[in-house]
Amino acid sequence: MKIALFYFSGTGNTELTVKKWKSSAEQFGVQLDLFKIEKDEFDFSKITEYDKIGFGYPIHAFNAPENVWRYAKKFPKLDKPMNIFIVMVSGEYMSINHSSGKKLLRILKRRNYFLESDYHYIMPYNMIFRHTEARALRMFVTMNELVPINVEDYLVNGKPHLTKKHHLVGWFIWLLRIEQWFSGVNGKIYRVNKKKCIKCMKCINNCPTNNIEFINGKFKFHNRCLCCVRCSFNCPTDAFSIGLLNNWRVNKPYAFKPLDIKEKDRHPRYCKRSYIRYYKEADLVISNYKKTHTNQAS
Ligand SMILES: Cc1cc2nc3c(=O)[nH]c(=O)nc-3n(C[C@H](O)[C@H](O)[C@H](O)COP(=O)(O)O)c2cc1C
Ligand code: SF4
Ligand code: SF4
């Protein structure tokens with residue numbers, strides 16, 4: 001079994017998740033090759049060498065980011081149908097997010113690739129507000145426990161999984177694709193605070209679309225922004241502001257380890273029911289798996 005998993009990650013959460021897919025697959029003797037969409041390093045004539053292909057992306061405004069479905073347009077039309085899977089990563093467990101791949105899947109279907117299985121993992125927000133480190137760690141641990149089970153079920157035991165989708169949300173998701181137009185416009189009004197900036201050039205060097213330039217001592221912004229927030233999130237001095245979304249800016253990567261700090265959870269009620277549902281479903285999957293494996297061992 002040979003799998004290719006194409007992914008985009010703005011601030012690392014999707015990357016952590018697909019890397020866990022890779023290491024889990026390899027534990028079961030399945031070869032899983034990861035390809036970063038933004039680097040475009042894939043030779044599409046080799047696509048039929050793979051048994052299945054997957055796509056991993058962070059959910060942006062209930063959709064897959066624009067560069068993900070644009071990339072899908074490069075896939076060749078196949079003579080024989082191929083099964084695909086998607087790995088969605090988002091900040092909240094709303095069922096509307098399960099339909100985020102709609103446009104991507106439509107593009108792929110025309111080329112003879114069909115959705116067989118999909119997975120949705122919750123990882124901390126890189127936008128809107130900063131989750132506490134404790135909540136981020138809980139999300140990270142849950143993802144790390146779920147992925148090997150999902151990989152074993154799907155890639156080893158051949159049992160696909162499909163998230164529940166509400167077909168009526170299609171038009172709403174389509175409407176929210178306006179975010180992709182807005183990102184380009186908003187990306188032009190990003191600013192850097194000169195007093196805080198240490199000219200490390202991280203924001204420029206890491207931007208997936210070369211949206212930022214530094215010319216004659218000044219930052220220049222183009223209209224190619226994807227709103228992945230990698231620039232502002234990773235700025236070491238929090239000097240980067242993201243236009244009309246600046247009040248939702250989250251700065252600094254999460255630690256994803258236990259920290260000896262006291263933090264106030266400023267948003268304890270936000271999407272509370274959806275998080276409870278996510279952990280309830282995840283904990284059930286994990287405990288059932290552990291029970292079955294303990295029974296098998298004894
Ligand atoms: C522009 C933007 C829009 C987002 N929209 C959603 C959303 O609609 N639903 C959601 O649950 N999370 C949303 N998020 C949160 C991200 O999906 C989440 O933080 C994810 O873990 C980021 O993954 P990454 O680090 O791979 O980029 C959004 C983030 C950004 C930057
Ligand atoms: S990442 Fe921040 S500190 Fe570094 S150049 Fe960009 S704005 Fe300046
Ligand atoms: S400018 Fe920032 S948010 Fe926009 S694509 Fe580049 S790194 Fe992502």
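At a glance:
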| quantity | calculated |
| --- | --- |
| Single residue of LEU259, LEU226, LEU245 found to be open to solvent by less than 60 Å² (accessible area, probe 1.4 Å), in contact (Cβ under 8 Å) with a residue 40 or more places away in the chain and in a loop (DSSP other than H, G, I, E, B) | LEU226 |
| Segment 157-174: number of residues that are over 27 Å from GLY243 (Cα atoms), open to solvent by 70 Å² or more (accessible area, probe 1.4 Å) and among the hydrophobic types (A, V, I, L, M, F, W, C) | 3 |
| Residue identified as within 16 Å of ligand 2 (Cβ to nearest atom) and either out of contact with any Ser or Thr (no Cβ under 6 Å at 6 or more places or on another chain) or of a type in the set (Lys, Arg) (or both) among GLU213, GLU152 | GLU213 |
| Number of positions in segment 59-72 that are assigned to a loop (DSSP other than H, G, I, E, B) and open to solvent by 10 Å² or more (accessible area, probe 1.4 Å) | 3 |
| Tally, over segment 175-211, of residues that are open to solvent by less than 80 Å² (accessible area, probe 1.4 Å) and within 16 Å of ligand 1 (Cβ to nearest atom) | 18 |
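Yes/no matrix, rows are residues, columns are (1) open to solvent by 40 Å² or more (accessible area, probe 1.4 Å); (2) part of a helix (DSSP H, G or I); (3) closer than 27 Å to LEU226 by Cα:
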position	(1), (2), (3)
THR17	no, yes, yes
ALA25	no, yes, no
SER45	yes, yes, no
ILE53	no, no, yes
TYR57	no, no, yes
LYS74	yes, no, yes
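Listed here are the residues, each with its yes/no results for (1) assigned by TED's automatic domain parsing to the domain that holds LYS165; (2) in contact (Cβ under 8 Å) with a residue 60 or more places away in the chain; (3) among the hydroxyl-bearing types (Ser, Thr, Tyr).
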site: SER90; (1), (2), (3): yes, no, yes
site: MET94; (1), (2), (3): yes, yes, no
site: ILE107; (1), (2), (3): yes, no, no
site: ARG110; (1), (2), (3): yes, no, no
site: LEU115; (1), (2), (3): yes, no, no
site: HIS120; (1), (2), (3): yes, no, no
site: PRO124; (1), (2), (3): yes, yes, no
site: MET127; (1), (2), (3): yes, yes, no
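The values are calculated or read from the model by the stated rules, or taken from the named source; none is laboratory data. The shown structure was predicted, so the numbers you read here are calculated from the model rather than taken from an experiment. Reconstructed Cβ throughout: ideal geometry from the backbone, glycine too, with neighbour counts over all protein chains shown. Keep in mind that these areas ignore ligands, DNA and RNA; they rest on the heavy atoms of the full protein, side chains included. Shrake-Rupley method; radii C 1.70, N 1.55, O 1.52, S 1.80 Å.
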